[in-house]
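Working notes for the structure below.
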Amino acid sequence: MTLAEALPRVVVEPPGPRSRELAARLRAVESRNVTFLAPDFPVFWSEAAGAMVRDADDNLYLDLTGAFGVSLAGHAHPAVVAAVREQAGRLVHGMGDVHPPEVKLLLLERLAHLAPLEDARAVLATSGSEAIEIALKTAELATGRSRFVAFEGGYHGLTLGSLATTHRLDFRAPFAARLHRGVTWVPWPRVAEGGREEGASGADTAHAIETFARALADGPPVAGVLFEPVQGRAGVRLPPQGFLPEVARLAREAGALVIADEVFTGFGRTGALFASAAEGVVPDVLCVGKALGGGLPLSACVAPADVMDAWPPSQGEALHTSTFLGHPLACAAALAFLDVLEREDLPARARALGARLLEGLADRLRGVAAVRDVRGRGLLLGIELGEGGAARVAVEALRRGVLVLPAGERGEVVELAPPALLNDAQVEAGLDGVAAAVRAVHGAA
Ligand SMILES: Cc1ncc(COP(=O)(O)O)c(C=O)c1O
């Protein structure tokens with residue numbers, strides 16, 4: 001049996017001796033702020049394929065995190081690995097914005113074709129945060145304005161420009177003096193239990209719309225309105241039906257650009273190629289990352305020509321570029337990933353598998369009083385618990401050979417963003433592992 005087909009197998013209580021030894025060495029050389037090190041966390045990865053990860057102590061885990069939602073096609077998809085190997089044999093690094101690698105052009109043509117935008121043009125980058133930086137700059141250039149409206153709970157990255165739009169105070173507070181002050185946050189409405197939209201609180205949505213309209217009207221004119229079509233790191237918070245189209249309509253009425261941050265949701269994770277389009281919104285600027293690179297670092301900011309041409313033609317110096325822009329290995333990996341996306345219809349798989357996981361979790365967690373909600377769209381799923389409840393579940397799941405992440409501003413949501421290619425036995429093992437972990441922490445009462 002290959003690693004990709006395997007099931008969780010914990011041979012030594014994680015973190016095992018080798019992971020613990022590596023953690024001790026890491027502590028000596030990495031900034032202490034980067035990797036959370038505790039007696040029961042983390043394990044060091046040594047190999048991954050499909051949805052399975054092997055750690056340094058030979059434990060096998062089912063990865064329901066998709067490694068931050070990246071491995072939608074699974075870890076090390078053979079088509080992606082073959083494309084990277086082939087590319088590495090010819091051209092590893094190029095000169096992105098000077099003498100471009102051919103493969104950069106191929107990827108840009110593919111993105112222009114896939115994006116639901118008229119005559120789309122893109123700027124490539126390496127991280128989701130950088131794609132957001134480019135979107136903010138694009139909106140400033142296109143509108144001559146510099147104020148932005150974003151949503152409470154929104155996560156858009158940690159570089160200074162993007163951080164100014166990320167809502168969570170613990171990320172922003174230490175750097176507040178250097179963050180752009182022209183950002184207004186408005187509420188993200190709640191959807192009632194199970195993500196069922198008929199249950200959405202009308203008053204809540206109406207209040208959010210009203211506050212949003214007021215934010216547009218009060219103060220300097222707004223350059224752009226930035227949103228995640230489903231808020232990921234805030235704890236898988238779904239928008240009520242019709243909310244985002246109304247946001248887009250009001251934004252445009254105020255002369256602001258509609259900026260969709262699809263870094264997490266893009267390329268099928270929520271069951272549609274782009275979640276904003278599925279919500280009924282065609283954005284003016286679209287940011288993508290994570291899944292796009294098939295596991296290599298790659299992101300993009302995409303916009304129709306009439307928006308993107310707010311950037312002046314290059315006179316020899318790009319106003320926004322970076323050393324690794326259009327990196328050949330990442331572009332080759334992305335082209336292979338996009339082939340897999342189409343050939344294996346990952347959005348349809350995400351829809352079907354997501355529905356199965358959602359139903360399976362709801363079934364297995366019925367009667368657990370601590371579980372406040374089980375919700376999701378496609379393969380972006382969340383189990384809402386009380387404050388701080390998710391981290392302990394992540395540790396318990398690890399012990400059972402299943403990887404999940406805590407999310408939510410109060411650490412209250414267990415987030416699942418697995419690959420779209422789990423086999424049946426892995427689905428069952430994942431559901432059993434997560435449910436057992438939740439019950440172990442929160443009891444079955
Ligand atoms: C919606 C969204 N936007 C932006 C980012 C930032 O991307 P990166 O971590 O690649 O900079 C993330 C990362 O989790 C994200 O979820």
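Only one of Arg32, Arg20, Arg9, Arg27 is within 28 Å of His77 (Cβ to Cβ) and not small (Gly, Ala, Ser). Can you tell me which? Walk me through how you get there before you give the answer.
On the way: Arg32 fails: within 28 Å of His77 (Cβ to Cβ); Arg20 fails: within 28 Å of His77 (Cβ to Cβ); Arg27 fails: within 28 Å of His77 (Cβ to Cβ).
Sole residue among the options that is within 28 Å of His77 (Cβ to Cβ) and not small (Gly, Ala, Ser): Arg9.
Scanning segment 397-427 for residues that are touching a residue at least 12 places away in the same chain (Cβ under 8 Å), part of a helix (DSSP H, G or I) and surrounded by fewer than 21 Cβ atoms within 10 Å (Cβ to Cβ) yields Arg399, Ala425, Val427.
Do any strands (runs of 3 or more DSSP E) entirely within segment 207-325 hold 3 or more residues that are within 15 Å of the ligand (Cβ to nearest atom) and open to solvent by 10 Å² or more (accessible area, probe 1.4 Å), and if so, which?
Working: elements: 222-227, 257-261, 285-288, 299-304.
Filter on segment 207-325 gives an empty set.
Let's see how each residue does on (1) charged (D, E, K, R); (2) open to solvent by 10 Å² or more (accessible area, probe 1.4 Å):
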| site | (1), (2) |
| --- | --- |
| Thr126 | no, yes |
| Thr138 | no, no |
| Ala150 | no, no |
| Leu163 | no, no |
| Arg168 | yes, yes |
| Pro174 | no, yes |
| Val183 | no, yes |
| Pro187 | no, yes |
| Arg190 | yes, yes |
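The set of residues from segment 146-163 being in contact with a helix residue (DSSP H, G or I) (Cβ under 8 Å, 6 or more places away or on another chain) and more than 13 Å from the ligand (Cβ to nearest atom) comprises Ser146, Phe148, Val149.
Summed over segment 130-161, residues that are under 18 Å from the mean Cα position of the chain (by Cα) and part of a loop (DSSP other than H, G, I, E, B) total 8.
The values are calculated or read from the model by the stated rules, or taken from the named source; none is laboratory data. On a predicted model such as this, the values are computed, not experimentally measured, just so you know. Cβ coordinates were reconstructed from backbone atoms using ideal geometry, including for glycine residues, and neighbour counts include every protein chain displayed. The accessibility values were calculated without ligands, DNA or RNA, using every heavy atom of the protein model including side chains. Shrake-Rupley method; radii C 1.70, N 1.55, O 1.52, S 1.80 Å.
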